[in-house]
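Asker: The structure is given below, and queries will be raised subsequently.
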Amino acid sequence: MRGMDAANAALKEQFHRIFGPGRGTERVHLVRAPGRVNLIGEHTDYNDGFVLPMAIEPEVRIVCRSRSDGLVRLASTAFPGSVVEFSVQKKVQPAPHGSWDNYSRGVVAEMLAAGIPLVGMDALIANSLPVGGGLSSSAAVEVGTARALLLLAGVEMDPGRVALLAQKAEHEFAGVPVGMMDQTIVASGKAGHAMLLDCRDLSKQFVPLDTRDLRVVIANSMVRHELSEGEYGKRRQQCAEGVRFFQKANPSVKALRDVNAQEVEAAKGKLPDVIYRRCRHVVSENGRTTMAATQLGHHNYEDVGELMLQSHASLRDNYEVSAPELDFLVEQAMTVKGVYGARMTGGGFGGCIVALAQPRAVDALSEHLKRTYPQNFRKEPAVFATTATAGASVIE
């Protein structure tokens, strides 16, 4: 805790260097929002399916202070020297595409559109999550910004509504048509638990993770993915094409969630092959995800690991969102004794893998990946073990 206190003090010092001392009457607050890793259930969220994420220890921290003039001034430790400024008293416009501040701008815009009486804010955003690593740094910034704004405005809001506003912000301002998983787990995570989330009705079932039995290890390939560059949207369109096909026989089909494995197999040869494989992944992944949650709750870790491996193979072959670096990390993880399973996590095309391992296997797994990966890809992977943490909260 002493190290964390020192880090927070240093962050506050940096805040005062950027924004000045203030008038002395406005209190400086500290908000945190965790990243997330998805244990299983990939590309199912925007198909009304099931996901099994957990909030992780790397996080976004925001130092903030209210302003009486309606101005919002934003700075980021990742972009030193850049201070963005706009007003809550005017319509908030997006910055140019790809600008770091669009995630926060979008949240301000959506909260104003929802009629929330915001005040101005100075905010410094510090992020220990890898941007483009598939651990949801964008959702952490969005939810963290929302929590900071609500705190300064003296407004309470249900975490589910915070998540919906943050999701809309990412759609409208960042241009990424994400599902509900990221913002929901960042806003509503429970310490020591994964969350089985039904992305249709947003009902949640928390599944305990016993750190005496199990550790979650994340390995970052250091290959950045760019979800907004078109492939993510293309997969969504392909799923929608599959839905239109199945609706011809059954008008009650609203999403691939409503299709079963037998119906997908019966459509082979009738659907274009790429659409068939996209549908096959989503439908089978929904089954794997609900089964994994059940088996995790029963401490059947070998079965969970096998489901993770099946998920990775389907993401590689049916959904075609893996990468050689991710395939290598998964294969190598499975050569380490005490590793139950591994798979790519996040949107794909780079980013991270997640592995379930016995606590005693963590060091061996980390050392093995750090030794073998650079030999093949001339990059150093970032490998760390984490536990399931709580969702976004006010620290002080």
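Asker: Could you give every pair whose Cβ atoms fall below 6 Å, whose first residue belongs to the stretch 348-372 and is surrounded by 17 or more Cβ atoms within 10 Å (Cβ to Cβ), and whose second residue is among the polar types (S, T, N, Q) and in a strand (DSSP E or B), counting only separations of at least 6 or pairs across chains?
Answerer: Short answer, once both residue conditions are applied: Cys352/Asn220; Cys352/Thr345; Val354/Thr345.
Asker: State all residues of the stretch 246-263 that are over 14 Å from Thr44 (Cβ atoms) and crowded, with 19+ Cβ neighbours inside 10 Å; if no residue qualifies, say none.
Answerer: Selection gives Phe246 alone.
Asker: Among the listed residues Phe86, Phe79, identify the single one that is at negative phi and assigned to a strand (DSSP E or B).
Answerer: Working: Phe79 fails: assigned to a strand (DSSP E or B).
Of the residues listed, the single one that is at negative phi and assigned to a strand (DSSP E or B) is Phe86.
Asker: Identify, by number, the condition in (1) surrounded by 22 or more Cβ atoms within 10 Å (Cβ to Cβ); (2) out of contact with any Leu (no Cβ under 7 Å at 6 or more places or on another chain); (3) closer than 29 Å to Ser66 by Cα; (4) at pLDDT 95 or above that Lys190 doesn't meet.
Answerer: All conditions pass for Lys190, except number (1).
Asker: Can you find, within the stretch 66-90, the residue that is surrounded by the fewest Cβ atoms within 10 Å (Cβ to Cβ) among those that are farther than 19 Å from Leu151 by Cβ and charged (D, E, K, R)?
Answerer: Residue satisfying both the conditions and the ranking: Lys90.
Asker: OK, next. Inspect the stretch 4-25 for any residue being of a type in the set (Gly, Ala, Ser) and surrounded by 21 or more Cβ atoms within 10 Å (Cβ to Cβ) and give the result as yes or no. Even if it seems obvious, please write down each step before you answer.
Answerer: Restricting attention to the stretch 4-25, the residues satisfying the condition of being of a type in the set (Gly, Ala, Ser) are 6-7, 9-10, 20, 22, 24.
After this cut, where a residue has to be surrounded by 21 or more Cβ atoms within 10 Å (Cβ to Cβ) as well, the list is none.
No: zero hits.
Asker: Another question, then. Grab the helices (runs of 4 or more DSSP H) fully contained in the stretch 294-396, keeping just those with 2 or more residues being of a type in the set (Ser, Thr, Tyr) and touching a helix residue (DSSP H, G or I) at 6+ places or on another chain (Cβ under 6 Å). Steps first, please.
Answerer: Details: elements: 301-317, 324-333, 362-377.
Here the list reads 301-317.
Asker: Restricting the first residue to the stretch 293-308 and requiring it to be assigned by TED's automatic domain parsing to the domain that holds His193 and among the β-branched types (Val, Ile, Thr), which pairs with a second residue that is in a helix (DSSP H, G or I) and at pLDDT 95 or above meet a Cβ separation below 7 Å and a spacing of at least six or different chains?
Answerer: From residues that are assigned by TED's automatic domain parsing to the domain that holds His193 and among the β-branched types (Val, Ile, Thr), there are no pairs.
Asker: Scan the stretch 217-232 and tell me whether some residue there is over 21 Å from Phe384 (Cα atoms), modelled with pLDDT of 95 or more and not in a loop (DSSP other than H, G, I, E, B). Break it down into steps so the answer makes sense when it comes.
Answerer: So the first thing to find is which residues in the stretch 217-232 are over 21 Å from Phe384 (Cα atoms), and the list is 226-232.
Keeping just the survivors that are modelled with pLDDT of 95 or more gives none.
Within the stretch 217-232 (the criterion being over 21 Å from Phe384 (Cα atoms), modelled with pLDDT of 95 or more and not in a loop (DSSP other than H, G, I, E, B)), the answer is no, since none of the residues qualifies.
Asker: Residue by residue through the stretch 99-125, note down the ones that are at positive phi and in contact (Cβ under 8 Å) with a residue 24 or more places away in the chain. Write out each step before concluding.
Answerer: Of all residues in the stretch 99-125, those at positive phi come to 115.
Result: no residue meets the conditions.
Asker: Separate question: Just checking, does the stretch 266-280 include any residue being outside the structural domain of Ala174 (by TED's automatic domain parsing), assigned to a strand (DSSP E or B), modelled with pLDDT under 95 and buried (at least 16 other Cβ atoms within 10 Å of the Cβ)? Talk me through it step by step, then tell me what you get.
Answerer: Our first condition is that a residue be outside the structural domain of Ala174 (by TED's automatic domain parsing); within the stretch 266-280, this holds for 266-280.
Remaining after also requiring assigned to a strand (DSSP E or B): 268, 271.
Now drop any that are not modelled with pLDDT under 95, which leaves none.
Within the stretch 266-280, not a single residue is outside the structural domain of Ala174 (by TED's automatic domain parsing), assigned to a strand (DSSP E or B), modelled with pLDDT under 95 and buried (at least 16 other Cβ atoms within 10 Å of the Cβ).
Asker: Would you confirm whether or not the stretch 242-260 contains a residue that is among the charged types (D, E, K, R), outside the structural domain of Val60 (by TED's automatic domain parsing) and closer than 16 Å to Arg36 by Cα?
Answerer: Looking only at the stretch 242-260, we keep the residues that are among the charged types (D, E, K, R), and these are 244, 248, 254, 257-258.
If we keep only those that are outside the structural domain of Val60 (by TED's automatic domain parsing) as well, we get 244, 248, 254, 257-258.
Then keep just the ones that are closer than 16 Å to Arg36 by Cα; that gives none.
The answer is no; no qualifying residue exists.
Asker: Could you look through the stretch 328-346, keep only residues that are under 23 Å from Ser137 (Cα atoms) and of a type outside the set (Ser, Thr, Tyr), and pick out the one that is surrounded by the fewest Cβ atoms within 10 Å (Cβ to Cβ)? Explain how you work it out, then say what you get.
Answerer: The first filter runs over the stretch 328-346 and keeps only residues under 23 Å from Ser137 (Cα atoms), leaving 329-330, 342-346.
Remaining after also requiring of a type outside the set (Ser, Thr, Tyr): 329-330, 342-344, 346.
Values: Leu329: 28, Val330: 23, Ala342: 27, Arg343: 29, Met344: 29, Gly346: 25.
Taking the candidates together, the pick is Val330.
Asker: Answer yes if at least one residue in the stretch 157-176 is surrounded by 24 or more Cβ atoms within 10 Å (Cβ to Cβ), closer than 23 Å to Leu11 by Cα and among the acidic types (Asp, Glu), and no otherwise.
Answerer: No: the stretch 157-176 contains no residue that is surrounded by 24 or more Cβ atoms within 10 Å (Cβ to Cβ), closer than 23 Å to Leu11 by Cα and among the acidic types (Asp, Glu).
Asker: While we're on this one: Please give the number of the condition Arg147 fails out of (1) within 30 Å of Arg371 (Cβ to Cβ); (2) in contact with a Ser or Thr (Cβ under 8 Å, 6 or more places away or on another chain).
Answerer: In the conditions (1) within 30 Å of Arg371 (Cβ to Cβ); (2) in contact with a Ser or Thr (Cβ under 8 Å, 6 or more places away or on another chain), Arg147 misses (1) alone.
Asker: Something else about it: So which of Ile40, Ile56 ends up being part of a loop (DSSP other than H, G, I, E, B), within 30 Å of Lys204 (Cβ to Cβ) and touching a residue at least 60 places away in the same chain (Cβ under 8 Å)? Working first, answer last.
Answerer: Working: Ile56 fails: part of a loop (DSSP other than H, G, I, E, B).
Of the residues listed, the single one that is part of a loop (DSSP other than H, G, I, E, B), within 30 Å of Lys204 (Cβ to Cβ) and touching a residue at least 60 places away in the same chain (Cβ under 8 Å) is Ile40.
Asker: Scan (1) modelled with pLDDT of 95 or more; (2) under 20 Å from the mean Cα position of the chain (by Cα); (3) within 22 Å of Gly192 (Cβ to Cβ) for the single condition Tyr319 breaks and write down its number.
Answerer: Against the list (1) modelled with pLDDT of 95 or more; (2) under 20 Å from the mean Cα position of the chain (by Cα); (3) within 22 Å of Gly192 (Cβ to Cβ), Tyr319 comes up short only on (3).
Asker: Right, another one. Can you say whether Gly35 is among the small types (Gly, Ala, Ser), part of a strand (DSSP E or B) and either in contact with a Pro (Cβ under 9 Å, 6 or more places away or on another chain) or surrounded by fewer than 21 Cβ atoms within 10 Å (Cβ to Cβ) (or both), as far as the supplied structure shows?
Answerer: Yes.
The values are calculated or read from the model by the stated rules, or taken from the named source; none is laboratory data. Keep in mind that what you see is a predicted model, and the values were worked out from it rather than measured. All Cβ positions, even for glycine, are placed from backbone atoms using ideal geometry, and neighbour counts span all protein chains on display.
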